[in-house]
Amino acid sequence: MSETRADLTRNQKLVLSALRDGAQPLSAYQLLDRLRPHKVTAPPTVYRALDKLMERGLVHRIETANTFVACAHGPHEEDMALRVCRSCGAADEVPLGDLLDALKGRAGRDGFALDRLTLEIEGLCGACREADARA
Ligand SMILES: [Zn+2]
Ligand SMILES: [Zn+2]
């Protein structure tokens, strides 16, 4: 795997760095707002860049919130579940590991061909739990 940022287009780089700068996942329209100063004004431009970045595993979509987050690991083969804090919106990734094998095994036994798996975990992150405990 030789993923360098050098072969990203200008728009892809802009989208990726906006997502990396953001403390939280961003919607396509929030991205558009941030990219306006860079003369990116058309939603399809942002969506095209997001599609390419997702294809390459550099960005993940949080389906339940319809927002996007930069991958914290760089391109990875392993499937991850996205973990999203319901209070601050922070997102991180946890490897599915054995859980994925179990799901694949089960699908195989049922004769179900698995194309894609989206798993999102909602809860309260460590920082928000601490803040809650102090309040
Ligand atoms: Zn990732
Ligand atoms: Zn939180």
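Part of a helix (DSSP H, G or I), crowded, with 18+ Cβ neighbours inside 10 Å and of a type in the set (D, E, K, R): which single residue out of ARG48, ARG20, ARG34 fits that description?
ARG34 is the lone residue from the list that is part of a helix (DSSP H, G or I), crowded, with 18+ Cβ neighbours inside 10 Å and of a type in the set (D, E, K, R).
Residue by residue, here is whether (1) open to solvent by less than 30 Å² (accessible area, probe 1.4 Å); (2) over 28 Å from LEU124 (Cβ atoms); (3) of a type outside the set (Val, Ile, Thr) holds:
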position	(1), (2), (3)
VAL59	yes, no, no
ILE62	yes, no, no
CYS71	yes, no, yes
HIS76	no, no, yes
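So, in segment 67-77, of the ones that are within 16 Å of ligand 2 (Cβ to nearest atom) and outside any loop (DSSP other than H, G, I, E, B), which residue ends up farthest from ARG10 (Cα to Cα)?
Taking the candidates together, the pick is THR67.
Look through segment 55-66, keep the residues that are touching a strand residue (DSSP E or B) at 6+ places or on another chain (Cβ under 6 Å) and either among the aliphatic types (A, V, I, L, M) or farther than 22 Å from ASP7 by Cα (or both), and return whichever of them is farthest from ligand 2 (Cβ to nearest atom).
Per the criteria, the residue is VAL59.
When you scan segment 78-102, how many residues do you find that are open to solvent by 60 Å² or more (accessible area, probe 1.4 Å) and in a loop (DSSP other than H, G, I, E, B)?
Matching residues across segment 78-102 total 4.
The values are calculated or read from the model by the stated rules, or taken from the named source; none is laboratory data. The model shown is predicted, which means the values in this text are computed figures rather than measured ones. Neighbour counts are summed over all protein chains in view; Cβ atoms, including those assigned to glycine, are modelled from backbone coordinates with ideal geometry. For the accessible areas, the whole protein counts, side chains as well, though only heavy atoms, and no ligand, DNA or RNA atoms are used. Shrake-Rupley method; radii C 1.70, N 1.55, O 1.52, S 1.80 Å.
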